[in-house]
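The values are calculated or read from the model by the stated rules, or taken from the named source; none is laboratory data. Model, not experiment: these values are computed from the prediction. Methodologically, a virtual Cβ is constructed for each residue, glycine included, from the backbone with ideal geometry; neighbour enumeration extends over all protein chains shown.
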Amino acid sequence: MTHPLFRQDVFVETAFEKRFQAMLHSAWHKRSWHVIVADPGSGKTMGIRDMVKTAGSAAILAVTSPKNNDDEQALGDQLFGALGVPSRGHWSTRKPKLMGHLHHYGTQCLIVDDAQDLSLQHLMFIKELTDQGRLQYDHPLGLCLVAAGRGDTIPLKETLDLPDIMWLQFRRRMDKLEPFCRIAGHTSEEVRDILAALETVYSELFPQINLRQWSSVIYTWLTQPGLDPTRSGRVTMDYLMKLVTTALEWSYEAGDASVRAETLEKAAELLVLRRNTLRLIDGAGPDAPVSRPDGAEEARANGTEPQRETVQGSEQQNTTETVGTVGEQVQTVKTPKCTFSGIVSIDLERFLASSTHLVECPGCGRTRTLEPHGGVLRFKSHDKRKTTTPNTGQRWAMEKMNWDVVGG
């Protein structure tokens, strides 16, 4: 069973969060308008939530852009809800009162998350609302439209660059120096600082935890083209946390006092090289025994928490060979051929029509291509996956090349 700590949202004041929240604070105090862009999964929502909690009042009002509803009322109801004001009555009578409520509660800055989903009606409503605040209450509002975007894309810019008077007026209200801002992700050194913070968070579960020794190789994994398609050389918090928590969960189930090299690499491989691989669920499904990265059988996935056993470093059942990496010596385990050769229960026509080319073997977890034979899909005979250490440059280059060509 997964420890409750792994299911909690852990907020770390990363370098990205410092940059992001500094921009929000600036807009709040200057009452300025900005479109703030960052990569998906970088931690924008977590940063907004923490800032609203820290403010402790309605001075900062944060809402999410309505999805699949372009009407201005959808955004208006979000603002009423954030203020805690009941949404009773017809919209035509409630709409003129919204700015009065914002003035009454002392709201100074509006933050709209997922702003890339805002419609033209939503943007026009924001302009109308803030114009009313200046005219009737002499109450200027800061505005942060927080959007997800990659590379050089600037969400909403095409709309705000339209020649209509409405958008010329909207654009004039934007900050004169920083109307469009991109918050950068994490550098290699910043990844190391995050790993140091996570060591403190998980130190109770792992007394000997040392994540910082893997900072360089983790940075290399998470800037692979599959996770960093714009080649920015920056790491997002979402991918970093997925990698670390997956490795730590497996280490916890194995009874380790820290994370091992092969466990960390197994998690990285699933995230980087096999993220688009179709995984076959067969037999009893999630209730079946699951295997740990070290090959030992684990307790049932939906059963009680397994007894934690101390893993002895001297226990080895297979022939080993030494492989050097990041200044340390770890071991690689040779494994025999996989015995699974059964028919794969996937509809042949649907599989051929899909864009998926790799499937994980249910016997050993190795990623293999499937070929039709006699009207069904079968695995070819193959060796079990070897357990190796993080980052031998040649191996990762070869597997990455195979990943791109095969279509993973």
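Among helices (runs of 4 or more DSSP H) lying entirely in segment 19-121, which contain 1 or more residues that are touching a residue at least 40 places away in the same chain (Cβ under 8 Å) and assigned by TED's automatic domain parsing to the domain that holds Met174?
The qualifying helices (runs of 4 or more DSSP H) are 44-55, 72-83, 98-105.
Anything in segment 200-219 that is in contact (Cβ under 8 Å) with a residue 60 or more places away in the chain, of a type outside the set (Val, Ile, Thr) and in a helix (DSSP H, G or I)? List them, or say none.
Listed by number, the residues that qualify are Gln213, Trp214, Ser216.
Just checking, how many residues over segment 255-269 are surrounded by fewer than 19 Cβ atoms within 10 Å (Cβ to Cβ) and either among the polar types (S, T, N, Q) or outside any loop (DSSP other than H, G, I, E, B) (or both)?
1
For Val12, which of the numbered conditions (1) within 30 Å of Ser188 (Cβ to Cβ); (2) at pLDDT 95 or above; (3) not in a helix (DSSP H, G or I) fails to hold?
Condition (2) is where Val12 drops out.
Within segment 143-199, count every residue that is over 24 Å from Arg49 (Cα atoms), part of a helix (DSSP H, G or I) and not β-branched (Val, Ile, Thr).
Number satisfying all stated conditions: 13.
Just checking, which of Leu123, Leu145, Leu129, Leu141 is modelled with pLDDT of 95 or more and under 30 Å from Gly233 (Cβ atoms)? Before you say what the answer is, go through the steps one by one.
Values: Leu123 fails: under 30 Å from Gly233 (Cβ atoms); Leu129 fails: under 30 Å from Gly233 (Cβ atoms); Leu141 fails: under 30 Å from Gly233 (Cβ atoms).
One residue alone meets the criteria, Leu145.
Condition check ((1) basic (Lys, Arg); (2) farther than 26 Å from Arg172 by Cβ; (3) surrounded by 20 or more Cβ atoms within 10 Å (Cβ to Cβ)) across all residues:
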position	(1), (2), (3)
Arg31	yes, no, no
Val52	no, yes, no
Ala59	no, no, no
Ser65	no, no, yes
Gly89	no, yes, no
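Conditions first: (1) modelled with pLDDT under 95; (2) under 18 Å from Glu13 (Cβ atoms). Arg234 passes all but one, so which condition is the exception?
(1)
So, of the residues in segment 1-29 that are polar (S, T, N, Q) and surrounded by fewer than 13 Cβ atoms within 10 Å (Cβ to Cβ), which turns out to be nearest to the chain's Cα centre (by Cα)?
Restricting to residues being polar (S, T, N, Q) and surrounded by fewer than 13 Cβ atoms within 10 Å (Cβ to Cβ), the top hit is Gln8.
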